[in-house]
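Here is the structure we will look at, set down as structure tokens.
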Amino acid sequence: MSPCTEEANKKTIGIIGCGASGLAALKNFAANDSLFKCVAFEQTASIGGTWVYTDDVDRDQYGLPVHSSMYKSLRSNLPKEIMELSGFPHTGVGDACYFPAAYIQKYLNDFTDHFNLRPHIKFHHHVEKVRPINNSQWELNVINLLQQTKETFIFDALVICVGNYSNPAIPDVKGSNIFSGKIMHSHSYRDADSFKGNSVLVIGCGASGLDISFGASKVADKVFLSHHHPRLLNLKIPSNYFHKTDVKEIVEDGVIFQDGSYEKIDTIVYCTGYTYKYPFLSSECGIKVEDNVIKNLFKHMINIEYPTMGFIGVPRNTTGFYLFDLQSRIFKKILEGGVKMPSKEEMLQDTYKEIEDRLASGQRLKDLHALGKTKWAMEYYTSVSKFAGVEHPPPVLLQIYFDGIGRLSEDFLNFRGDKYQIIDREHYKVQYFDQNESIIKKQILYSI
């Protein structure tokens, strides 16, 4: 068979999004020995997704929602050992483990060029609508933003890689409509300058909530962190920083908390996470999001109605970059015919059983796609590895994730100075450091 015939016989794959998950998918599907011909769509001028900083908030130059939630001071809250894409180790960084966002963006750009992925990417292309055709193919209506023209593409399979940190989850709090100050979500936060002289309330104690509240404390008069995480009460905090209970009600000039206390507030920052949203998927695709659960998704990645559509990176609070690569390899193997797919009924039954088991364990439905430090984290990797017949991820990666997240909530001011070293699939070393860069725990050998 001639090279031209071989190329013509390749299945076509569309990839939506060129952040870390999209790049992981593109690298796997566009490999030299691949059976697939790939086109990736990126609506901005840059690869990197949420790792790309922009001064824009809310809407970009084309009137589209700003994708990135990046702020100027952001540094990774996971060590590099679990932020590495397959075949491209971090180099030239010594034993440091946590890096500014600009480093991660450069790493992703270097990854893209190392594997010559850029020729497959259509920048400034916004996917407006996706619908199934011919039972298993996909029609994409795409806007070329530079030329302001519309194009139509047909693909044999589709990979959704739009990330999880673009659609703010904003709670409906009584009194929000009468508040005289400013209310914003961390998605629109860029730096703390606007908080100067303010009394700031940050709601939510995830990594962004802690980052933003500690950053605000350097310029604001007072900073209040509203949360219900008892472990954080032991954090070392500045003198103008205060822990508060959950918000009961917002009033015109301040906030009343669940314990009955009141504080005068100038600015409220919701650090309350994000929701899944796929506005470009037509209703015929069979995908719906309800209570932050993506309906009809097998193993958190395969469209049960149309298994030629895969989602990369839906599970959150887990090993990030490694997950993207693993799911991409599994979806590629499925499309190659190397995995025997269950029937629609079997996939639905498997999905319903997982939901029932999680709810029975006390987990909230809206956290179905959250793994975190739970038994579901290891069970998910075991389940997908067994299903696809691929090697189980190194257990050490999950253990480092658990350790790093634990350190974040124990010593937020210093955890990014910690140093990890992977020894083998099941062991690693770690050094914890204090504010004087002195080791507070010697190297410890962990065994899973």
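The values are calculated or read from the model by the stated rules, or taken from the named source; none is laboratory data. Note that the structure is a prediction, hence the values are computed from the model and not measured. Note that each Cβ is placed from the backbone with ideal geometry, even for glycine, and that neighbours are counted across all protein chains shown. What goes into the accessible areas is simple: the full protein's heavy atoms, side chains included, and nothing from ligands, DNA or RNA. Shrake-Rupley method; radii C 1.70, N 1.55, O 1.52, S 1.80 Å.
Data table
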| item | result |
| --- | --- |
| Tally, over the range 190-205, of residues that are out of contact with any Asp or Glu (no Cβ under 9 Å at 6 or more places or on another chain) and open to solvent by less than 20 Å² (accessible area, probe 1.4 Å) | 3 |
| Residue satisfying all of: in the range 146-159; over 25 Å from the mean Cα position of the chain (by Cα) and either touching a residue at least 40 places away in the same chain (Cβ under 8 Å) or within 14 Å of C38 (Cα to Cα) (or both); most open to solvent (accessible area, probe 1.4 Å) among these | I154 |
| Members of the range 311-338 found to be open to solvent by 10 Å² or more (accessible area, probe 1.4 Å) and on the phi > 0 side of the Ramachandran plot, listed by number | N317, G320, G337 |
| The one condition in (1) crowded, with 16+ Cβ neighbours inside 10 Å; (2) modelled with pLDDT under 90 that E410 fails to fulfil | (1) |
| Flag for E379 being in contact with a Ser or Thr (Cβ under 8 Å, 6 or more places away or on another chain) and open to solvent by 60 Å² or more (accessible area, probe 1.4 Å) | no |
| The one condition in (1) closer than 30 Å to H427 by Cα; (2) open to solvent by 40 Å² or more (accessible area, probe 1.4 Å) that V57 fails to fulfil | (1) |
| Residue satisfying all of: in the range 223-251; open to solvent by 70 Å² or more (accessible area, probe 1.4 Å) and touching a Lys or Arg at 6+ places or on another chain (Cβ under 9 Å); farthest from S69 (Cα to Cα) among these | K248 |
| Matching entry among F99, F88 (being open to solvent by 30 Å² or more (accessible area, probe 1.4 Å) and over 21 Å from V162 (Cα atoms)) | F88 |
| Search result, residues across the range 236-252 that are in contact (Cβ under 8 Å) with a residue 24 or more places away in the chain, closer than 20 Å to R407 by Cβ and not in a loop (DSSP other than H, G, I, E, B) | Y241 |
| Condition check for K344: touching a helix residue (DSSP H, G or I) at 6+ places or on another chain (Cβ under 8 Å), open to solvent by 10 Å² or more (accessible area, probe 1.4 Å) and modelled with pLDDT of 95 or more | no |
| Complete set of residues in the range 27-43 that are among the polar types (S, T, N, Q), in contact (Cβ under 8 Å) with a residue 24 or more places away in the chain and surrounded by fewer than 24 Cβ atoms within 10 Å (Cβ to Cβ) | S34, Q43 |
| Matching residues, the range 167-178, being out of contact with any helix residue (DSSP H, G or I) (no Cβ under 7 Å at 6 or more places or on another chain) and open to solvent by 20 Å² or more (accessible area, probe 1.4 Å) | N167, A169, I170, P171, D172, V173, K174, S176, N177, I178 |
| In the range 311-331, the residues that are assigned to a strand (DSSP E or B) and either at pLDDT below 95 or acidic (D, E) (or both) | R316 |
| Residue match in the range 88-98 (condition: aliphatic (A, V, I, L, M), in contact with a helix residue (DSSP H, G or I) (Cβ under 8 Å, 6 or more places away or on another chain) and modelled with pLDDT of 95 or more) | no |
| Number of positions in the range 33-54 that are over 18 Å from the mean Cα position of the chain (by Cα), within 19 Å of H125 (Cβ to Cβ) and small (G, A, S) | 2 |
| Selection count where residues are under 26 Å from K340 (Cβ atoms) and modelled with pLDDT under 90, scope the range 361-376 | 2 |
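Condition check ((1) more than 22 Å from A207 (Cα to Cα); (2) at pLDDT below 95; (3) open to solvent by 30 Å² or more (accessible area, probe 1.4 Å)) across all residues:
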| site | (1), (2), (3) |
| --- | --- |
| Y107 | no, no, no |
| H114 | yes, no, yes |
| R131 | yes, no, yes |
| N134 | yes, yes, yes |
| E139 | yes, no, yes |
